[in-house]
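K.L.:
Pasting a structure here, questions to come.
A short reminder: the numbers here are calculations on the coordinates, not readings from a lab. Because the structure is predicted, anything quoted here is derived from the model rather than measured. Glycine gets a Cβ as well: all are built from the backbone with ideal geometry, and neighbour counts include every protein chain shown.
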Amino acid sequence: MKLDLAIIGGTGLYAFPGLENIRREAVATPFGAPSGDIVLGALAGRPVAFLARHGQTHTLAPHRVNYRANIWALHHLGARRIVGVNAVGGISEKMGPRVLAVPEQIIDYTHGRYDSFCDVEGAKVEHVDFTEPYSPALRAELIAAGRRAGIVVVDGGCYGATQGPRLETRAEIARMRRDGCDLVGMTGMPEAVLAREIGVEYACLALVANWAAGCGGEASISLPEIYANLEAATAQVPPIVGALLAGN
Ligand code: HPA
């Protein structure tokens, strides 16, 4: 089967608006079950797949997502390009709430996650190049699609992947800022590296839900505000993906 694109939805994106002729596929993988059924359908007349990373009803915490099964299942169904939609906190000045960004670098602070398809008895060890962790071509297409859709998308930035599910301390974010992180999220890794290992083009569309701890002047982070910002940012995702599919 040929898929033009797969989309992995993060917090706030559990079904993809506008997806037509839907059918659901439960894929069994050598790594266990994906986060849920893969939803196959047409968007802008093109065949696409959608998967809700945290499950349909947000029951999977970031460290419990079976990233290997998700990426394996999408690849198995024919996906050769994946856009990961990720809720994030903003660290640097240009990454305020409701901003959409297509980061270009990653620092991984997660631990204890299965982050390689080689982590299996007898599997041949591959040392993939990860200098550019995201597909430059897919990143460029996302940014061009944003432009065509008339939606401002920040080009670049470094995504710091944290373990979660708790938010970070002020000191942790201060350290991440010193490290060069512009965004902080809990699900960007190992998704990106698994896509690289399996040979799928992967890019992240990051939706800024809040100022990361200590960045916005407030003493604490308000969860209702996170959800309101995410809802506003998520509404911009379908037109960008639609423009991406229409544009090539
Ligand atoms: N930190 C980590 N992940 C997040 C945040 C945050 O502040 N906001 C949304 N996802």
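K.L.:
Counting other beta carbons within 10 Å of each Cβ, put His76, His127 in order, fewest first.
P.N.:
His127, His76
K.L.:
Any idea how far the Cα center of region 171-202 sits from the one of region 1-67, in Å?
P.N.:
21
K.L.:
Going by C-beta contacts inside 10 Å, put Leu60, Leu194, Leu138 in order with the fewest on the left.
P.N.:
Listing Leu60, Leu194, Leu138 from fewest to most nearby Cβ atoms yields Leu60, Leu138, Leu194.
K.L.:
What nm value, rounded to one decimal, do you get for the distance between Cys118 and Leu223 when each label is placed 7 Å out toward the C-beta?
P.N.:
Reported label-point gap for Cys118 and Leu223 is 4.0 nm.
K.L.:
Under the 0.36 nm per residue contour assumption, what length would be gained going from the current alpha-carbon distance of Val128 and Asp155 to full extension?
P.N.:
The Val128-Asp155 span can extend by a further 7.3 nm.
K.L.:
Return Thr131, Thr11 ranked ascending by Cβ neighbour count within 10 Å, so the fewest neighbours appear first.
P.N.:
The most exposed by this proxy come first: Thr131, Thr11.
K.L.:
Run the Debye formula on the Cα coordinates of region 154-248, all scatterers equal and no solvent, and tell me log10 I(q)/I(0) at q = 0.12 1/Å.
P.N.:
-0.47
K.L.:
Based on DSSP H runs of at least 4 residues, each adding -39500 (n - 2.57), what is the mean residue ellipticity at 222 nm of the chain after dividing by all its residues, to the nearest 500 deg cm²/dmol?
P.N.:
Dividing the helical sum by the residues of the chain leaves -7500 deg cm²/dmol.
K.L.:
Another one. Can you tell me the length gained on complete extension of the stretch Gln56 to Arg166, counting 0.36 nm per residue apart and subtracting the Cα distance?
P.N.:
37.5 nm
K.L.:
Mind listing P(r) for region 111-210? All alpha-carbon pairs, 10 Å bins, whole percents.
P.N.:
13, 38, 34, 14, 1
K.L.:
Given 10 °C and 1.306 mPa s, compute D for region 1-122 with the Stokes-Einstein relation, Rh being the Kirkwood radius over Cα pairs; round to the nearest whole µm²/s.
P.N.:
102
K.L.:
Convex hull over the Cα atoms of region 169-222, averaged projected area in nm²?
P.N.:
Averaged projected area of region 169-222's Cα convex hull equals 4.5 nm².
K.L.:
Turning to a different aspect of this structure: Between region 119-161 and region 83-114, what's the alpha-carbon centroid distance in Å?
P.N.:
11
K.L.:
Working out 0.36 nm times the residue gap between Ala144 and Val27, then minus their Cα-Cα distance, what length gain in nm do you get to one decimal?
P.N.:
Result for the pair: 38.9 nm of gain on full extension.
K.L.:
Which FRET efficiency, nearest 0.05, do Arg64 and Arg175 yield, Cβ-Cβ r, R0 35 Å?
P.N.:
So the FRET efficiency works out to roughly 0.90.
K.L.:
Further, regarding this structure: Largest first and in whole Å, give the semi-axes of the chain's equivalent ellipsoid, each being the square root of 5 times a Cα gyration tensor eigenvalue.
P.N.:
Square roots of five times the eigenvalues give 26, 22, 17 Å.
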